[in-house]
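Structure first, commentary second.
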Amino acid sequence: MSALHRKVVTSDLAKKLPPVIPAGDVGKVARALFGEASPPIILIGHSMGGAIAVHAASKNLLPSLVGVIVIDVVEGTAMEALRGMQSYLRGRPSSFKDLKTAIEWCVRSGVIRNLESAKVSVAGQIKRFSTNETGSTIVEYIEHGKDSVPMPVPITNALIEEDEEADRLTETAGSENGPSVIDSEKNGSQNSFTHPASDRYVWRINLTETEKYWTGWFEGLSAMFLSCSVPKMLVLAGVDRLDKDLTVGQMQGKFQMQVLPQVGHAVHEDSPDKVADILATFMVRHQFVEPTNNFTRTYPAC
């Protein structure tokens, strides 16, 4: 679903978000894609997407649902993290001069630890201030060789090796009022993160405006997840993320759990190959698919 939404020209998405999880949209998308003859479906969601998957599964919105996989979202830790969310939002840049700078910040700040993943996903999270075109749309223009969109500076792995600049970025982003200007003396460049000019890129959604909905999105999530009748899996970045309900449920064998080390919250982006192996093993284990002769299972690990 994220692939469908990332191309949408945005204006007031934050103000249009509902106070409750829009689980009904999942059923509508499935019906639009498959009609009444829907194939077996496994819902997979990360963070708030995981909450949407759980809500949709618990409400039986997909008659052909056979499994639910949730990536790094737990009610207890999510509710606790919400208390510091405004500080986090104030500490991140409000705009970027180009796509390269946005990707660079996401990698250096640890939001995404995999540069190759960041090159794919960050563009869908920002938009051009002057036109409201998403970064993904701009990338498509570039790939088709259109001259109307300026070509960004090539991104290399050197971005994550420049420790001194990364330290300066972290210090600036940690200020209470958020970053103002981040200077880079290399090549005499200067990256301003202050007031967005017409040719700058800004976040697609102003998350601050959605604060009144945050609690409702995650409240009761653990119990709802445990109540789903289909096979369930929880993929986490750390075992300490489990809350009481899920800890008890995991000990009772109500769901399968996999913990990946050395990844951040964006588990599937930081370690896409391992997550793919985990998903494949889940499908083979529950006989949703037939394994190939050389398939290697990934066993549950905590």
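The values are calculated or read from the model by the stated rules, or taken from the named source; none is laboratory data. Values in this document were obtained by computation on a predicted structure and should not be read as measured data. Don't worry about glycine lacking a Cβ; one is built from the backbone with ideal geometry, like all the others, and counts go over all protein chains shown. With ligands, DNA and RNA removed, areas are computed over all heavy atoms of the protein, side chains included. Shrake-Rupley method; radii C 1.70, N 1.55, O 1.52, S 1.80 Å.
Think of a 1.4 Å ball rolled over the protein heavy atoms: region 20-118 then has 42 Å² of accessible area per residue. Taking Lys and Arg as +1 and Asp and Glu as -1, the other residues whose beta-carbon sits under 12 Å from that of LEU61 total +2. Other residues within the sphere of radius under 14 Å centred on the Cβ of GLY220, judged by their own Cβ, net out at -2 (K and R +1, D and E -1).
Taken along the Cα-to-beta-carbon direction at a fixed 7 Å, the label points for ASN294 and ARG90 span 5.4 nm. Each peptide in 43-56, 231-244 gets a packing score, the mean of other Cβ atoms within 10 Å over its residues, and the list from highest to lowest is 43-56, 231-244. Legend: residue pairs LYS28/LYS244; LYS97/LYS212; LYS127/LYS232; LYS59/LYS254, Cα-Cα distance threshold 24 Å; pairs beyond threshold, LYS28/LYS244; LYS97/LYS212; LYS127/LYS232.
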